[in-house]
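Any read-out appearing in this document is the output of simple, stated calculations on the displayed coordinates, not a laboratory observation. A quick note: this is a predicted structure, and the numbers were derived from the prediction, not measured. We place every Cβ from the backbone using ideal geometry, glycine too, and count neighbours over all the protein chains shown.
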């Protein structure tokens with residue numbers, strides 16, 4: 001049976017709307033994760049129990065995409081809060097109080113600088129999901145591993161490759 005183009009377009013719109021709303025729910029709650037093909041939510045435990053043949057399947061990629069998107073959203077929100085906080089200038093006559101406020105601002109700026117760097121890595125990880133490279137070591141091409149990606153979703157190297165890189169940096173410097 002052949003459907004008209006309008007019917008196909010309507011189905012595509014419905015499917016995209018459902019996926020968008022499901023991903024919104026998945027990113028706003030801690031217990032819900034992107035749905036697997038049978039419609040049930042994917043949890044970290046289920047992710048860890050999946051076999052090697054399922055590595056970086058569509059459900060796993062959806063899980064990590066939702067996690068990375070939520071992290072990106074949180075980092076952007078924090079950056080906005082910092083900007084607003086730094087705009088609120090309080091004039092205090094006491095030099096010690098002024099120094100304390102300046103130190104707090106400096107600490108906040110250092111924190112935001114680290115978050116800015118993390119945001120760049122998060123965006124690169126999302127791009128690697130789109131490219132189909134997410135979850136694979138940049139140096140060796142081997143799987144990074146689900147436990148490592150759960151701990152650090154922006155990881156680009158397997159544990160062994162990262163250890164080799166750190167040892168090389170320790171021995172020879174940057």
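Given a Förster distance of 25 Å, report the FRET efficiency between residue 108 and residue 152 from their Cβ-Cβ distance, rounded to the nearest 0.05. Efficiency computed from Cβ-Cβ geometry: 0.55. For residue 55 and residue 91, the FRET efficiency from 1/(1 + (r/R0)^6), where r spans their Cβ atoms and R0 equals 41 Å, is about 0.10.
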